[in-house]
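Asker: Submitted below is the structure of interest, expressed as structure tokens.
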């Protein structure tokens, strides 16, 4: 991985499904990586496909997800669709022998998440979730401080992620926002969670909690408390 102008010796060919609210950012970033080439973008909205074709010369566009899976030249799939479709599309991609980057959350049930992890391990494929904050310089700096003892012994974490993003209709505030803070908590504490208690309320629309609180209990008694709301 040291050859060439950018220090890479091969390029991973990628197909992306979902180029909407957040997907357009992923498409831009993957397209800028010297070690990646997004060769095809898939979306159900014709206007978005036209925008992609105009903005990315030579990139194929399609509304048929199966076309990406059947393309043997595509090694990896980026899933950036609506949350309820994440698990299904990621599973199809893994079954087709593709590595998968899926936007958070990975799934909306423990059973679906476990199935995807087990499937990726069985097939020797990469399954990566878009927990972008753990790569942010500020969080990496704090992580290094904790690692070297610069903050002493960290016993508990508290996060408040509120007044952010679009009010969703197909995922609640915990599913939409808490994955960021849970990923950071796991990175900072470097311990395995053993239990979770969560509660939320739906004030803005029936059945979709717009405020939620979760407490994550770790080995040796440390805790992380997460507050999320749109």
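Asker: Using a 7 Å offset from the Cα along the Cα-to-Cβ direction at both residue 155 and residue 117, what is the distance between the two label points in nm, to one decimal?
Answerer: Distance between the two pseudo-spin positions: 2.9 nm.
Asker: Return the single residue from 74, 134, 146 with maximal mean-square fluctuation; model: Gaussian network over the chain, springs between Cα atoms under 10 Å.
Answerer: Between 74, 134, 146, it is 146 that shows the largest mean-square fluctuation.
Asker: For the chain, what is the calculated [θ] at 222 nm in deg cm²/dmol (nearest 500), taking -39500 (n - 2.57) for each run of four or more DSSP H residues and dividing by its residue count? Walk me through the numbers before you get to the answer.
Answerer: Details: 7 runs with 78 residues, N = 230.
Rounded to the nearest 500, it is -10500 deg cm²/dmol.
Asker: Once you treat every alpha carbon in the stretch 142-229 as an equal point and sum by Debye, what is log10 I(q)/I(0) at q = 0.17 Å⁻¹?
Answerer: -0.71
Asker: If the elastic network links every pair of Cα atoms under 10 Å, which of 211, 78, 100 fluctuates the most in the Gaussian network model of the chain?
Answerer: Highest fluctuation among the options: 211.
Asker: Express the C-alpha Rg of the chain as a ratio against the empirical globular expectation 2.2 N^0.38 Å, rounded to two decimals.
Answerer: The chain yields a ratio of 1.10.
Asker: Okay, next question. So what's the angle, to the nearest 10 degrees on a 0 to 90 scale, between helix 137-147 and the longest Cα principal axis of the chain?
Answerer: For 137-147 against the chain, the angle is about 50 degrees.
Asker: Rounded to the nearest 10 degrees, what's the angle between the helix 46-55 long axis and the longest principal axis of the chain, both from Cα atoms, 0 to 90?
Answerer: The helix 46-55 is inclined about 80 degrees to the chain.
Asker: Just for the Cα atoms in the stretch 12-130, what are the lengths along the principal axes, largest first, rounded to whole Å?
Answerer: Taking max minus min along each principal axis of the Cα atoms, the stretch 12-130 gives 40, 25, 23 Å.
Asker: Subtract the Cα-Cα distance of residue 190 and residue 141 from 0.36 nm times their separation in residues, and report this length gain in nm to one decimal.
Answerer: Details: separation 49, 0.36 × 49 = 17.64 nm, distance 1.53 nm.
Length difference between fully extended and current span is 16.1 nm.
Asker: How far, in degrees from 0 to 90, does helix 23-32 lean away from the longest principal axis of the Cα atoms of the chain, to the nearest 10?
Answerer: 70 degrees
Asker: Here is a further query. Calculate, for residue 198 and residue 166, the FRET efficiency according to 1/(1 + (r/R0)^6) with r their C-beta to C-beta distance and R0 22 Å; round to the nearest 0.05. Working shown, then result.
Answerer: Values: r = 22 Å, r/R0 = 0.98.
The pair residue 198/residue 166 has a calculated efficiency of 0.55.
Asker: Among 167, 14, which comes first, second and so on when ranked by fewest other beta-carbon atoms within 10 Å?
Answerer: On the way: 167 12, 14 25.
Fewest to most other Cβ atoms nearby, the residues stand as 167, 14.
Asker: Under 8 Å for C-alpha pairs, at least 6 residues apart: give me the relative contact order for the chain, rounded to a whole percent.
Answerer: Details: 405 pairs, mean separation 31.3, N = 230.
Relative contact order, the chain: 14 percent.
Asker: To continue, here is another question. Based on the Cβ-Cβ distance of residue 35 and residue 109, what FRET efficiency does E = 1/(1 + (r/R0)^6) give at R0 = 45 Å, to the nearest 0.05? If you can, show how the numbers build up before the last one.
Answerer: Values: r = 33 Å, r/R0 = 0.74.
FRET efficiency, residue 35 to residue 109: 0.85.
Every number here is computed from the coordinates shown, using simple stated rules; none is lab data. Bear in mind the structure is a predicted one, so any value in this text is a computation, not a measurement. Cβ coordinates were reconstructed from backbone atoms using ideal geometry, including for glycine residues, and neighbour counts include every protein chain displayed.
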